[in-house]
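> The structure is given below, and queries will be raised subsequently.
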Amino acid sequence: FSQKKESNTNFEVYPNPAIDYINIKFDGKSNIMNKSFSVHSLIGNKVDITTENLSENTIRISLRDLNSGYYFLSLTDKPTERRKIVKFLKIN
C-alpha cells in the first residue's frame, strides 16, 4: 500500500463478518461515482471483485469467490486521492 492522505468521506461497511457480500453505504454528501475500491488479502495481494450499485449512496461487493479470512477494503476518493482502509472478515 502506498502512503496517501486519509479520506474524510464518511461511510460504513456491513455486514462484518460477511458471508457472500459487503455493502458500503456513504453519507448523503458523497458521490460514489468519484470513488474507487480494491480488496487485498492480509499479505497484500489484490483480489478480483465485482461491484453493484444498490442505490445512489450504497455499493455491494461480492465476496463469493473469496476464501474465508481477513481482507482489507481500500476506498479512494478520486479527486483528492485520499484513501481509507477497512479490515473485514469473510466467513463461509
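Computed from the coordinates by the stated procedures, all read-outs in this text should not be read as laboratory data. As the structure is a computational prediction, the values presented were derived from the model and not from experiment. Using ideal geometry, Cβ is built from the backbone for each residue, glycine included, and neighbour counts are taken over all protein chains shown.
> Could you derive backbone 3J(HN,Hα) for region 13-18 from the dihedral phi with the Karplus parameters 6.51, -1.76 and 1.60 (θ = phi - 60°), listing whole Hz in sequence and x where the residue is Gly or Pro?
Values per residue, Gly and Pro as x: 10, 8, x, 8, x, 10 Hz.
> Given H placed on each backbone N at 1.01 Å, which residues far from residue 35 in sequence or on other chains put an amide H within less than 5 Å of it?
78
> Which residues does the label zone of residue 86 cover in region 44-73, counting backbone N under 16 Å from a point 7 Å along Cα→Cβ?
Output list for this probe position: 50-63, 70-73.
> In whole angstrom, and with the biggest value first, how far do the Cα coordinates of region 11-90 range along each principal axis?
33, 23, 17
> Quick one: if you stick a label point 7 Å off each Cα along the C-beta vector at residue 42 and residue 58, how many nm between them?
Output for this residue pair reads 3.0 nm.
> Arrange 11, 37 by Cβ neighbour counts within 10 Å, fewest through most, would you? Before the final figure, lay out the partial values.
Details: 11 20, 37 14.
The most exposed by this proxy come first: 37, 11.
> Then there is this: Beta carbons within 10 angstrom, averaged per residue: use that to sort the peptides 52-58, 72-78, highest first.
Values: 52-58: 12.6, 72-78: 17.6.
Ranking the peptides 52-58, 72-78 by packing returns 72-78, 52-58.
> In addition: Going by amide H atoms built from the backbone, whose H comes under 5 Å of the H on residue 63, apart from near neighbours?
21, 22
> Got the relative contact order for the chain handy, in percent, Cα pairs under 8 Å and 6 or more residues apart?
About 34 percent, as a whole number.
> To continue, here is another question. For region 11-90, give the magnitude of the charge dipole about the Cα centre (Cβ charges: +1 Lys/Arg, -1 Asp/Glu; no others), in debye to the nearest 20.
Charge dipole, region 11-90, about its Cα centre: 220 debye, nearest 20.
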